[in-house]
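Novice: Just passing along the structure, written as structure tokens.
The values are calculated or read from the model by the stated rules, or taken from the named source; none is laboratory data. On a predicted model such as this, the values are computed, not experimentally measured, just so you know. Ideal geometry is used to build each Cβ from the backbone, glycine not excepted, and the neighbour counts take in all protein chains shown.
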Amino acid sequence: MTETTKEQQNLNPVAVKINEGIKNENPYVYEMLSNYGREVYFSKDGNVKQIADAKKYSKEFNATSGFATEHGKPMYLPLLADTLSDYDPADIFLYSSTLGSPELRTTWQEKMYTENPSLHDKKISNPIATIGLTHGLNLAANLFVNEGDTYILPDKQWENYKMIFSETKKANMVTYPMYDKDFHFDTEAFRQTLLSQRNKKKIIVILNFPNNPTGYTPLPHEADELAAAIKEVAEYGVNVVVISDDAYFGLFYKDSITESLFGRLANIHPRVLAIKVDGATKEEYTWGFRVGFLTFGINSDAMNEYLEEKVMGVIRTSISNGPTPSQTFILHALKSPQLAKQKADKFEIMEKRARKIDELLSSGKYDDAWDLYPFNSGYFFAIKVKGVNADQARIHLLQKYNVGTIALGDTDLRIAFSRVDVEHLEELVHRLYEGIKDLQ
């Protein structure tokens with residue numbers, strides 16, 4: 001009896017069917033699945049199918065789903081509905097589908113194709129709605145990360161990656177220096193780190209641009225080099241799950257690529273599964289709405305269906321489905337003719353702040369207090385302080401100068417210029433400088 005046959009004996013028949021479908025479409029994607037990813041499934045013959053049958057065929061008494069109605073419409077409290085009078089109650093109070101609003105998903109996919117020219121003529125899955133980007137990252141981790149797997153990311157990173165992949169999934173983090181000694185983005189270090197893992201069966205690569213904490217997005221030739229390195233390691237026979245965390249997508253201010261690396265990576269090699277995690281959180285300035293998306297680079301419509309069923313299984317066993325109101329609000333915004341102008345206005349504000357920071361910090365006036373990590377996008381800039389401990393500097397800046405920053409390790413401070421109006425940025429930088437000089 002083969003190992004695969006033994007494995008299948010312990011799985012639900014629906015999971016076996018989905019797994020076989022994935023293997024037929026691309027066996028490398030099946031190999032990438034975690035143990036849980038192989039076990040999880042969504043049964044179309046369970047409650048969801050019975051509810052769908054009743055919705056389609058029952059014209060009188062549909063007593064299936066666990067919500068309440070009055071006279072055929074959703075039951076709701078007027079005190080809540082009165083504040084949402086522009087919306088159909090069905091678009092606010094009813095459950096969303098497991099994968100999210102179908103119209104919202106289609107609209108977001110159209111947006112992705114428009115904003116990412118590298119996706120032209122490439123096949124991608126229909127985006128799956130998530131509760132923010134962290135949920136999307138968790139879905140990807142559930143499906144593709146086993147204990148002991150290796151995941152790769154730069155030394156300048158969002159701290160929650162460690163919580164998701166190391167603490168929760170027990171994967172092993174491998175980092176590469178994001179910048180070389182001259183503070184240039186180090187694509188060769190990225191390449192060498194990937195090649196050091198070429199004897200592994202699978203690796204997970206996380207790409208976060210614009211980067212949190214540094215605010216950097218690769219230049220066009222650097223983006224090409226990153227993609228080439230991923231393809232190179234795949235050609236050694238390594239299965240590569242590459243996740244583009246595009247939380248700050250669209251906020252590109254200077255010289256960088258102005259699209260997601262996902263466009264370059266989707267379908268680049270049969271052994272590469274490109275995953276895009278993005279959302280309305282920062283793109284549409286709706287932090288509290290918690291609407292994100294999970295999208296796969298795929299090779300067929302059948303693969304889209306199989307991966308959807310896997311994701312549905314994970315969602316069904318955790319949150320069941322996402323919130324309907326926030327998805328409705330985001331769809332309304334995406335369809336509005338006012339969206340482009342209003343987003344352009346906000347982008348202009350952010351760009352002016354970024355340019356002001358660039359002007360101030362490239363003047364040379366502050367070089368004895370810190371080195372500036374290159375930045376050209378996003379919400380943040382980061383500095384490497386000289387002669388002081390970063391956390392001591394953080395506390396001192398807060399207590400004496402009323403300036404809040406984030407300390408990262410012993411040397412780095414992250415500053416969110418997104419939180420400071422342009423007319424106050426010079427004063428902010430002055431206080432940063434005075435605080436660090438106090439401690440040197």
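Novice: Scan segment 167-189 and give yes if some residue there is more than 22 Å from PRO323 (Cα to Cα), among the hydroxyl-bearing types (Ser, Thr, Tyr) and modelled with pLDDT under 95, otherwise no.
Specialist: Within segment 167-189, one or more residues are more than 22 Å from PRO323 (Cα to Cα), among the hydroxyl-bearing types (Ser, Thr, Tyr) and modelled with pLDDT under 95.
Novice: Only one of these conditions is not met by LYS201: (1) touching a helix residue (DSSP H, G or I) at 6+ places or on another chain (Cβ under 9 Å); (2) charged (D, E, K, R); (3) surrounded by 14 or more Cβ atoms within 10 Å (Cβ to Cβ). Which number is it?
Specialist: Going through the list (1) touching a helix residue (DSSP H, G or I) at 6+ places or on another chain (Cβ under 9 Å); (2) charged (D, E, K, R); (3) surrounded by 14 or more Cβ atoms within 10 Å (Cβ to Cβ), LYS201 breaks only (3).
Novice: Right, here's the next one. Collect the residues in segment 242-277 that are more than 16 Å from LEU294 (Cα to Cα) and among the charged types (D, E, K, R), keeping them in residue-number order.
Specialist: Within segment 242-277, LYS254, ASP255, GLU259, ARG264, ARG271 qualify.
Novice: Only one residue in ALA369, ALA354 is of a type in the set (Gly, Ala, Ser) and either closer than 29 Å to GLU259 by Cβ or touching a Ser or Thr at 6+ places or on another chain (Cβ under 6 Å) (or both), so which one is that?
Specialist: Exactly one residue qualifies, and that residue is ALA354.
Novice: Here's another thing I want to ask about it. Would segment 280-290 turn up any residue that is at pLDDT below 95 and within 17 Å of GLU103 (Cα to Cα)?
Specialist: Within segment 280-290, one or more residues are at pLDDT below 95 and within 17 Å of GLU103 (Cα to Cα).
Novice: Return the residue satisfying two criteria in turn: it lies in segment 350-375 and is under 23 Å from the mean Cα position of the chain (by Cα) and buried (at least 22 other Cβ atoms within 10 Å of the Cβ), and of such residues it is farthest from PHE249 (Cα to Cα).
Specialist: Within segment 350-375, the match that is farthest from PHE249 (Cα to Cα) is TYR373.
Novice: Restricting the search to segment 77-126, which residues are of a type in the set (D, E, K, R) and in a loop (DSSP other than H, G, I, E, B)?
Specialist: Taking segment 77-126 and keeping what is of a type in the set (D, E, K, R), we get 82, 86, 88, 91, 103, 105, 110-111, 115, 121-123.
If the condition is that a residue be of a type in the set (D, E, K, R) and in a loop (DSSP other than H, G, I, E, B), then ASP86, ASP88, ASP121, LYS122, LYS123 are the ones that fit.
Novice: Does segment 295-303 contain at least one residue that is among the aromatic types (Phe, Trp, Tyr), in contact with a strand residue (DSSP E or B) (Cβ under 8 Å, 6 or more places away or on another chain), within 15 Å of GLY279 (Cα to Cα) and in contact (Cβ under 8 Å) with a residue 40 or more places away in the chain?
Specialist: First, the residues of segment 295-303 that are among the aromatic types (Phe, Trp, Tyr): 296.
Within this subset, residues satisfying the condition of being in contact with a strand residue (DSSP E or B) (Cβ under 8 Å, 6 or more places away or on another chain) are 296.
Then drop every residue that is not within 15 Å of GLY279 (Cα to Cα), which leaves 296.
Retained after the next criterion (residues that are in contact (Cβ under 8 Å) with a residue 40 or more places away in the chain): 296.
Yes, the conditions are met somewhere in segment 295-303.
Novice: Give ASP180, ASP149 a once-over and let me know the one that is free of Cβ contacts under 8 Å to residues at least 24 places away in the same chain and over 17 Å from ASN208 (Cα atoms).
Specialist: From the options ASP180, ASP149, the qualifying one is ASP180.
Residue-wise test of (1) touching a helix residue (DSSP H, G or I) at 6+ places or on another chain (Cβ under 8 Å); (2) hydroxyl-bearing (Ser, Thr, Tyr); (3) surrounded by 17 or more Cβ atoms within 10 Å (Cβ to Cβ).
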{"residue": "ASP88", "(1), (2), (3)": "no, no, no"}
{"residue": "PHE93", "(1), (2), (3)": "yes, no, yes"}
{"residue": "SER101", "(1), (2), (3)": "yes, yes, yes"}
{"residue": "GLU110", "(1), (2), (3)": "no, no, no"}
{"residue": "ASN116", "(1), (2), (3)": "yes, no, yes"}
{"residue": "HIS120", "(1), (2), (3)": "yes, no, no"}
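Novice: Would you check if there is a residue in segment 56-73 being modelled with pLDDT under 70, in contact with a Phe, Trp or Tyr (Cβ under 8 Å, 6 or more places away or on another chain) and surrounded by 11 or more Cβ atoms within 10 Å (Cβ to Cβ)?
Specialist: yes
Novice: Next up: With THR175, THR217 as the choices, which residue is part of a strand (DSSP E or B) and over 25 Å from PRO270 (Cβ atoms)?
Specialist: THR175
Novice: Now for a separate question. Picking from ALA140, ALA189, which residue would you name as being surrounded by 23 or more Cβ atoms within 10 Å (Cβ to Cβ) and of a type in the set (A, V, I, L, M, F, W, C)?
Specialist: ALA140
Results for (1) among the basic types (Lys, Arg); (2) surrounded by fewer than 24 Cβ atoms within 10 Å (Cβ to Cβ), shown as yes or no for each residue.
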{"site": "LEU207", "(1), (2)": "no, no"}
{"site": "PRO220", "(1), (2)": "no, yes"}
{"site": "GLY250", "(1), (2)": "no, yes"}
{"site": "ASP255", "(1), (2)": "no, yes"}
{"site": "PRO270", "(1), (2)": "no, yes"}
{"site": "LYS276", "(1), (2)": "yes, no"}
{"site": "THR286", "(1), (2)": "no, yes"}
{"site": "VAL291", "(1), (2)": "no, no"}
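Novice: All but one of (1) modelled with pLDDT of 70 or more; (2) hydrophobic (A, V, I, L, M, F, W, C); (3) surrounded by fewer than 11 Cβ atoms within 10 Å (Cβ to Cβ) hold for MET1; state the number of the condition that does not hold.
Specialist: (1)
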